Structure formats: structure tokens, C-alpha cells
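A.B. asks: The following block contains the structure, expressed as C-alpha cells.
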């Protein structure tokens, strides 16, 4: 038996196929302004007749008619992170338009969570804005900021931070120094947000930014707790959805 | 199955009451009945009732007039305060319109400063509500109740006797007992009604001008629910207690989100719920002002510091209603509830009761986020 999880986030739509022990396939498409179409595209690409259960999650979770179940991204991220990491007790997810911190019980179930979804500060949007103004591809961030001294970015608001960056550029500041300043700003804010839940133990970092070492390391420094991630961390929600679907579809007894 | 059709009918009669109230208010006005506008559960309604006035609730529940209010008030203010001021300013609310005197209390900072501005467009009397429940505070509150009586007497040219107040105390106590018996139905496992119905009745009863009739209707409703409710359909629902700011303006998007996600609101601690109804006024106390002062000052609102009575009541409700989880709803910029939320979360979780806090306002922009939060919380339980 295999199951399919599809996580429709604001920026990317992810799919994962799961067979009860391993992730068989993953697929990522940009969501853009077409969440329903992109979920359908991921479904069409990954679905096979062996799929016993399809679970949709993420903000577009209600848009896939073929889904057997919808589960919130909180529960799915917690499950996915618990599968990808060892002894995970807290998940930090920086998404395209929100940011979540989830505390886990020792058995991996959700104990508490907090979401920032009122404001772009501390989300992927903030980073998209930065790479646009500073004119470098996000994929190069780790190499770009290496060995640089961060500028202080004090604006909490994405719109004001943009003006601040423009002012720094006008004052002749180094682009990479500014970029590192922005990385620090978002990571510190995210850490402070997660600290409200009083996390302990290992923290698992998910979302599109988790693949960049500069973000992982900065959050770890700000939190004072070990922060781990995984090459599939961006798929944590989809993998968790597939695994929850698997548990549901398993014949009992 | 027939029941499913039946219950909402009688519930919706309460809900419609609020719309119909405009014409009712007009009719009462033709009979020469004065209207006293009230904001807060701290107002001892017995005093205006003793002079035969109709007491109408003014806490506004829609954001319709907020843009109008923001021409005067700051944007970053509680939506209830902005909306209330907006309705007063625009005459769009029949209760504001018909109020001959509006009574406010120095509860939160936002309200007491808004009353200063409201006083420039409507007749307003502000009662100085103490911020604590000390013996000195009790004396002040008692003197404020006396001052309210004198204000009503001079404003309306009437005499308010202690006998009339005593009668009003008895009437209000009977009303409280009926409301308590109504919401106590939810102690049953499974509870007999959904949270929207619970909320609509608790809110609707505040807009009934004929109190005797309202009491009779409540008892009839209780009977009907006891006889006819199909409680089994709620079996297995997570039993949710709602607390926090007044939720009249956000009930639809919060309570519905809880219940769509598989919860059932079994207890409401906030304004209009247990907090403002639970305790009776002592009918045996020969000093009616003292009796009223003691009872009303005891209300466990976050504008009190410290605020032990809220936690005492939460503890009782957790037990009596077999609460599975707490959802606290805080209105944007409602500082006292926002700060106290930390203590409520700690209090609940120490008792093994999971807690979710959400901040919202009167807009619809966060409906999706609220649904996700409530659903994730229910999945967590």
C-alpha cells in the first residue's frame, strides 16, 4: 500500500508518495496564483492506482476534490518532521506567508503551537523581498553571505525593511552585509517567536529556507538549542500528510 | 431528525429578536418608557430597572461603522470600542438612537477614554469602577452606585425607592437563575446544543425588554431542549470552554470554526456568559446598595488587578462542564485580556487542559487562518 500527501503552501505545492517506511517520490511546483490547478498537477503526476489514501494539507487543502482527507499543516508538519529527524521536540517552519512553531510530545504528537500569519515579517516573503532588492538568486545565499559582517536591520515590517535596505544601499553598504543582516533579522524574530512556547531538546527546521545552512545556523545561535534539518525538510508537510493517510488507511487488527 | 428542524426555530426566534428590537424599542418609546444604554456587565441594571427604564446593550458587534469611528479614534484600538463609538456617531443603531442616557464604567483604558468623546455627542454618565476588589474599592463602588441612582433621578425627574430596587434585584436574580439553568444544560455529556445556539440565546436575552416574558421563554426553552434534543449526535465532540474578550462581534467566525473542526462549545466564561450571570445578588442584605456593590464588584474581568475570581470561576467550569480544552478569544488591542492570556494558558495547562489563544477583530480577513488554527487545535486534542 502507498499513500499520497499534497501540501499546498502559498509559494510552493509539494507532493510525496509514502509506502509505510520510505518516501518513494516527491514533487514540487510553484503555487503562484493557481493553488487548485497546481494541487491537481501534483496529484496527476504522483497518483498511481496503488495509492490507497490521499491527504491534502496547507492553506489550499480544501481545493483538491480527490483528497480523502484534509489535515492542517500543523499536524502534518509535526508528523513529517518527526519522521525526518531524530528525537524532535519542536518544529520551526518558515513558510511563504506564515511562520509556525510546533511543540511535540515525546511520542511525536502535537503538544502546542503558535502561528504568525498576520504579517509578512518573519516569513519567506521577507526573504523574497530581500533577494529582489539586493539582486541575487536565493540559491546562492550561503555562498553570498559567507565571511560577511551583518548590517543591523531594525524594521520589523517587510515594507519598512525594504526602505531600510534601499537606504543602506544608498549609503554604500555592502550587499552581502545587508543580506546577512536580513538573515539575522528573520532568524532572530523566528527564534523569539518560538521561545514563547518554551521549547527544549532538538528543533527541526522545515520550509523552503531550511535548505540553506546560513538560516539553520543563525536560528540555532538565536535559540541556543540544536537545530537540525533534512534534505527533504521542504516536503515535511506533504510527507506528514502521506504518513497520516497511511496510518488511517491501514487495515486495523 | 425532526428535532434538528425544531430547535433552530425557537433559537432563531431569539436571534431575530435583535432585529425586531428596533420596532419594539420604538413601541416602548411611544409608551414613555425611558431607555438607558449599557456597555458593560458591571452596570448594576437593577438601578435603572427600578425606575422602570428599559436597559439596552450597546456593545457593537459589527465593523460597519469602524471607518467612521477611525476619523476620531486611533486605528489600533479594540474593534468593540471603535464600532460602539461609530454606531453612536452615525445613529445606525436603534439602541444608541433611543438611549436617553448612556452609562459607561471606567473598565479598560480604551473604553474610559472613548466615553469622554462619546459624551460630546450623547448624554453619558461614567461610573468610576475600581481596578481592584479591596475593601476600599467596595466602598467606592457602593458610592458610585448611589451616585448612579441620583443621576438617574435628576436626569429623568424620578424617585428610585429602595423597595423598587429590591424588587428589581429579585427580578434580575430570577432572570440569572433562568439563564444559569439554560447554560447548565451543557453540563450533560454529551451536551444538548451547539455553541452558536448557546451564544445566540445568551446574547438574545440581553435584548429582551419584557424581562418576565424573557424568563418564561427561557424556562420553556430549557424544557424543550431537555425533551427534544438529540444529544447523541454530539457524542465524542471535544468539549470546549470559551473565554476572553466579549465575542459578540466575532462569534460567527470563532465558534463556527471550533465546531466545524469537531469541537462543541459547552461553556462560555466571557461577557454574557457565566462571568456576568453566575453570582446572585444577596436578597437578604438590608442595604441594597451594599448588596449590589458586592455582587457586581466580584465580576472576574481582566480589568481588575489582581483578578482571582476569573481563575476561580474557570476552575469550577473546567470541573462542572468536563472541559477538554480552552479557547481564549482576545480582541485586537484588548490589553488586559491579552496580558492575562499568559496566566490563563498557564492555569489551564497546569490542570492538564490544552489551551489555544487567538487574537482577532471584526474583519473577515482572518477567517481562513482562524479555521486552520481551530482545526489544528482540534487535531491536537
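A.B. asks: Fewest to most neighbouring Cβ within 10 Å: what's the order for B:92, B:142? Walk me through the numbers on the way to the answer.
C.D. replies: On the way: B:92 15, B:142 19.
Fewest-to-most Cβ neighbours within 10 Å comes out as B:92, B:142.
A.B. asks: Report, in whole Å, the centroid distance computed from the Cα atoms of the range A:140-171 and the range B:189-208.
C.D. replies: Comparing the Cα centres of the range A:140-171 and the range B:189-208, I get a distance of 53 Å.
A.B. asks: Per-residue mean of other chain beta-carbon atoms within 10 angstrom of the beta-carbon, peptide A:66-78?
C.D. replies: 3
A.B. asks: When chain A is treated as a GNM, springs tying every alpha-carbon pair under 10 Å, which of A:214, A:185, A:167 comes out with the largest mean-square fluctuation?
C.D. replies: Among A:214, A:185, A:167, the largest mean-square fluctuation in the Gaussian network model of chain A belongs to A:167.
A.B. asks: While we're on this one: Sort out for me the Cα centre separation of the range A:201-230 from the range B:159-180, rounded to whole Å.
C.D. replies: The two parts, judged by their Cα centres, are 62 Å apart.
A.B. asks: Taking springs between alpha-carbon atoms closer than 10 angstrom, which of A:53, A:90, A:157 fluctuates most in the Gaussian network model of chain A?
C.D. replies: Maximum among the listed residues: A:157.
A.B. asks: Give me B:243, A:75, B:161 ranked fewest to most by other Cβ atoms within 10 Å of their Cβ, as a rough exposure proxy.
C.D. replies: Working: B:243 29, A:75 24, B:161 13.
Lowest to highest Cβ neighbour count: B:161, A:75, B:243.
A.B. asks: Given chain A, what percent of its DSSP beta bridges are antiparallel, to the nearest 5?
C.D. replies: On the way: 24 of 40 bridges.
Antiparallel: roughly 60 percent of the beta bridges in chain A.
A.B. asks: Please determine, in degrees from 0 to 90 and to the nearest 10, the orientation of helix B:109-118 with respect to the longest principal axis defined by the Cα atoms of chain B, where the helix direction is its Cα long axis.
C.D. replies: Between the helix axis and the principal axis of chain B, the angle is about 40 degrees.
A.B. asks: Could I ask something else about it? Give the percent of DSSP beta bridges with both residues in chain B that are antiparallel, rounded to the nearest 5. Mind dumping the intermediate values first?
C.D. replies: On the way: 0 of 27 bridges.
Of all bridge pairs located within chain B, approximately 0 percent are antiparallel.
A.B. asks: Hey, another quick one. Taking each residue of A:19-25 in turn, how many C-beta atoms of other protein chains fall within 10 Å of its C-beta, and what is the average? Present the calculation step by step, with values, prior to reporting the outcome.
C.D. replies: Numbers: counts 0, 0, 0, 0, 0, 0, 0.
Per residue, the number of nearby Cβ atoms from other chains is 0 on average.
A.B. asks: Consider just the alpha-carbon atoms of the range A:89-229 and return their Rg together with their Dmax, both in angstrom.
C.D. replies: 14.9, 52
A.B. asks: So, in Å, what gap is there between the alpha-carbon centers of the range B:249-323 and the range A:42-101?
C.D. replies: Comparing the Cα centres of the range B:249-323 and the range A:42-101, I get a distance of 39 Å.
A.B. asks: To continue, here is another question. Once the cut-off is 13 Å, how many percent of the Cα-Cα pairs in the range A:1-70 end up in the long-distance tail? Could the numbers behind the result be given before it?
C.D. replies: Working: 1346 of 2415 pairs.
Considering the range A:1-70, 56 percent of its Cα-Cα pairs are separated by more than 13 Å.
A.B. asks: Counting only DSSP beta bridges with both residues in the range A:89-229, what percent are antiparallel, rounded to the nearest 5? Write out the running numbers ahead of the final one.
C.D. replies: On the way: 11 of 17 bridges.
If I count the DSSP bridges inside the range A:89-229, around 65 percent turn out antiparallel.
A.B. asks: Turning to a different aspect of this structure: Could you please rank B:39, B:311, placing first whichever residue has the fewest other Cβ atoms within 10 Å of its Cβ?
C.D. replies: Values: B:39 24, B:311 16.
Fewest-to-most ranking of B:39, B:311: B:311, B:39.
A.B. asks: So what does the Cα-only Debye profile of the protein assembly as shown read at q = 0.08 Å⁻¹, as log10 I(q)/I(0), no solvent term?
C.D. replies: The Cα Debye sum returns log10 ratios of -0.67.
A.B. asks: List the extent of the Cα atoms of the range B:28-160 along each of their three principal axes, largest first, rounded to whole Å.
C.D. replies: Per principal axis, max minus min of the Cα coordinates gives 43, 40, 22 Å.
A.B. asks: I need the Kirkwood Rh of chain B: take the reciprocal of the average 1/r across all distinct C-alpha pairs and report it in angstrom. Don't skip to the end; give the middle numbers.
C.D. replies: Numbers: mean 1/r = 0.0471 Å⁻¹.
Taking every pair of different Cα atoms in chain B, averaging 1/r and inverting gives 21.2 Å.
A.B. asks: Right, something else. Would you compute, from DSSP H runs of 4+ residues alone, the mean residue ellipticity of the protein assembly as shown at 222 nm, taking -39500 (n - 2.57) per run and dividing by the full residue count, rounded to the nearest 500?
C.D. replies: Values: 24 runs with 304 residues, N = 634.
After summing the helix terms and dividing by residue count, I get -15000 deg cm²/dmol.
A.B. asks: Let me ask something else. How far is helix A:213-223 tilted, in degrees, relative to the longest principal axis of the Cα atoms in chain A, given as a value from 0 to 90 rounded to the nearest 10?
C.D. replies: Rounded to the nearest ten degrees, it is 80.
A.B. asks: Assuming 1.567 mPa s and 4 °C, estimate D for the range B:272-381 with Stokes-Einstein, Rh taken as the Kirkwood radius over Cα pairs, in µm²/s.
C.D. replies: On the way: Rh = 15.9 Å.
Once the numbers are plugged in, D ends up at 81 µm²/s.
A.B. asks: Using only Cα atoms, tell me the angle between helix B:335-350 and the longest principal axis of chain B; keep it within 0 to 90° and round to the nearest 10.
C.D. replies: Approximately 40 degrees, to the nearest 10.
A.B. asks: Using a/c under 1.5 as the rounded threshold, could you call chain A rounded, prolate or oblate? The axes a ≥ b ≥ c are square roots of the C-alpha gyration tensor eigenvalues, and prolate needs a/b larger than b/c, oblate otherwise.
C.D. replies: Working: a/c = 2.31, a/b = 1.68, b/c = 1.38.
Prolate, because a/c is 1.5 or more and a/b exceeds b/c.
Just so you know, all these numbers are worked out from the coordinates, no wet-lab data involved. For clarity, every value in this text was computed on a predicted model and none was experimentally measured. Using ideal geometry, Cβ is built from the backbone for each residue, glycine included, and neighbour counts are taken over all protein chains shown.
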